[in-house]
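Q: I have a structure I would like to understand better, so I am pasting it below and will then ask my questions one at a time.
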Amino acid sequence: MPSRVSDAIKPHKHVLDITSLKELPESHAWSSLDSPSSNNPPTAADSSVSESVPVIDLDDPNAQELVGHACKTWGAFQVKNHGIETNLLDRIESTGKSLFSLPTHQKLKAARAADGVSGYGVARISSFFSKLMWSEGFTILGSPLEHARQLWPDDYNHFCGVIEEYDKEMQKLAGRLMGLMLGSLGIAQEDVDWAGPNKEGAAAIQLNSYPACPDPDRAMGLAAHTDSTLLTILYQNNTSGLQVFRDASGWVTVPPVPGALVVNIGDLLHILSNGSYPSVLHRAVVNRTQQRLSVAYLYGPPSDVQISPLSKLLDPTHPPLYRPVTWTEYLGAKAKHFNEALSSVQLCIPRTGLVNQNTVENRVEII
Ligand SMILES: C=C1C[C@]23C[C@H]1CC[C@H]2[C@@]12CCC[C@@](C)(C(=O)O1)[C@H]2[C@@H]3C(=O)O
Ligand SMILES: O=C(O)CCC(=O)C(=O)O
Ligand SMILES: [Fe+2]
């Protein structure tokens with residue numbers, strides 16, 4: 001039993017304060033099997049040279065078709081001419097940098113509560129791994145005011161202002177992207193009652209910092225996961241680190257393209273599209289010399305709305321593959337099952353010959 005409060009919080013402090021370490025501690029050294037350097041299939045080295053996620057100009061007259069194709073084949077793409085001003089991206093980057101460069105004891109004043117979502121801390125998925133990730137994060141769900149006050153007692157308005165503006169602009173872009181994605185499936189955005197152009201989805205903002213790392217091949221910035229969103233819009237600074245997994249190629253780096261934003265499909269769009277737009281497994285690796293900063297805009301439906309495969313995409317040969325879930329319910333499934341969350345809401349289709357297949361109802365059943 002620690003005899004002093006300071007002893008009790010020591011391990012916590014040590015875990016989070018990785019910025020100045022000269023050597024990789026055992027707590028952060030991933031075994032060779034799941035470290036970033038070792039799990040590429042053999043073909044990856046050849047294919048990664050020639051292929052990466054598509055970069056789409058949203059002003060292109062074929063943007064809808066290009067987006068649809070990217071969603072089906074990659075589950076991710078980058079967008080240019082997205083309408084978010086460079087100046088706002090610069091401001092969110094510098095505000096993120098100033099947050100992560102605060103002293104650890106200051107950041108811990110805004111630590112995420114054990115049962116909470118918002119605040120400073122390690123990635124939520126950390127509990128599924130025995131090793132720690134080489135990153136720190138700050139999650140914003142709802143108003144950032146309380147946490148901003150704890151971080152900058154004398155000047156919290158600046159941070160709140162930038163976040164509010166970022167949220168507003170990203171909300172618009174997310175709506176526009178949803179329109180293109182649905183449109184490419186032959187569905188008008190207005191036909192999805194919660195997704196119309198003037199409707200507002202729910203969203204979280206996640207600031208991630210990956211400090212320079214003394215042994216990047218054995219460290220993991222953010223372990224492989226899919227997002228529990230409809231879509232995620234990611235701003236990454238000029239430092240590479242994001243990788244997406246593709247069956248044929250293994251881990252493929254998504255290089256920073258100046259001014260571009262990365263879009264990736266989350267599990268709820270996978271469900272909504274009945275698997276036409278698969279959510280993409282992605283991770284962040286780290287490097288020896290540069291701090292990397294990323295800002296994820298995690299976009300989902302209003303929290304009380306049930307998401308299920310769109311009826312327009314269903315017919316007797318395409319039965320629904322997933323049961324209805326709300327975002328809140330799905331986040332619970334993610335917290336419990338992590339990367340098996342999607343299969344936990346999957347409907348089971350019995351094999352031919354085992355059951356009466358006359359009706360759609362008989363073909364699907366909840367596991
Ligand atoms: C709205 C969301 C989505 C969350 C949970 C909550 C707030 C923070 C998001 C992330 C951000 C980092 C990866 C992830 C996997 C994590 O650990 O926290 C995400 C998770 C999810 O997509 O499941
Ligand atoms: O930092 C990155 O590139 C990835 C971040 C991410 O996947 C997330 O915040 O969900
Ligand atoms: Fe992610």
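Q: In this structure, is GLY68 touching a Pro at 6+ places or on another chain (Cβ under 7 Å) and modelled with pLDDT of 95 or more?
A: no
Q: Please specify each residue of region 285-303 satisfying the condition of being part of a loop (DSSP other than H, G, I, E, B), touching a strand residue (DSSP E or B) at 6+ places or on another chain (Cβ under 7 Å) and under 30 Å from LEU24 (Cα atoms).
A: Once the filter is applied, which keeps residues that are part of a loop (DSSP other than H, G, I, E, B), touching a strand residue (DSSP E or B) at 6+ places or on another chain (Cβ under 7 Å) and under 30 Å from LEU24 (Cα atoms), region 285-303 yields VAL285, VAL286, GLN291.
Okay, residues lined up against (1) small (Gly, Ala, Ser); (2) over 17 Å from the mean Cα position of the chain (by Cα); (3) within 13 Å of ligand 3 (Cβ to nearest atom); (4) open to solvent by 10 Å² or more (accessible area, probe 1.4 Å):
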site	(1), (2), (3), (4)
PRO211	no, yes, no, no
ALA248	yes, yes, no, yes
SER279	yes, no, yes, yes
SER311	yes, yes, no, yes
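Q: Looking at (1) open to solvent by 40 Å² or more (accessible area, probe 1.4 Å); (2) at pLDDT 95 or above; (3) closer than 26 Å to THR95 by Cα; (4) not basic (Lys, Arg), find the lone condition where GLU200 falls short.
A: (2)
Q: When the residues of region 158-204 are narrowed to those that are away from ligand 1 (no atom under 16 Å from the Cβ), outside any helix (DSSP H, G or I) and touching a residue at least 40 places away in the same chain (Cβ under 8 Å), which ends up nearest to ALA70 (Cα to Cα)?
A: That would be LEU185.
Q: If you don't mind, there's one more thing I want to ask. If a residue must be more than 10 Å from ligand 2 (Cβ to nearest atom) and within 22 Å of LEU331 (Cβ to Cβ), how many such residues does region 246-266 contain?
A: 2
Q: Looking only at region 316-331, which residues are loosely packed, with under 15 Cβ neighbours inside 10 Å and either under 16 Å from GLY266 (Cα atoms) or within 16 Å of ligand 2 (Cβ to nearest atom) (or both)?
A: Correct list: PRO324, THR328, GLU329.
Q: Kindly list, by first and then second residue, each pair from a residue in region 317-328 that is touching a residue at least 60 places away in the same chain (Cβ under 8 Å) to a residue that is polar (S, T, N, Q) and open to solvent by less than 70 Å² (accessible area, probe 1.4 Å), limited to pairs with Cβ atoms under 6 Å and residues at least 6 apart or on different chains.
A: The qualifying pairs are TRP327/SER303.
Q: Something else now. Name the residue that is least open to solvent (accessible area, probe 1.4 Å), counting only residues in region 135-146 that are part of a loop (DSSP other than H, G, I, E, B) and touching a strand residue (DSSP E or B) at 6+ places or on another chain (Cβ under 6 Å).
A: Restricting to residues being part of a loop (DSSP other than H, G, I, E, B) and touching a strand residue (DSSP E or B) at 6+ places or on another chain (Cβ under 6 Å), the top hit is SER135.
Q: Select from region 127-149 the residues that are of a type in the set (Ser, Thr, Tyr) and without any contact (Cβ under 8 Å) to a residue 40 or more places away in the chain and list them in ascending order.
A: SER127, SER130, SER143
The values are calculated or read from the model by the stated rules, or taken from the named source; none is laboratory data. Model, not experiment: these values are computed from the prediction. Using ideal geometry, Cβ is built from the backbone for each residue, glycine included, and neighbour counts are taken over all protein chains shown. Side chains are part of the model used for accessible areas, which takes the heavy atoms of the whole protein and leaves out ligands, DNA and RNA. Shrake-Rupley method; radii C 1.70, N 1.55, O 1.52, S 1.80 Å.
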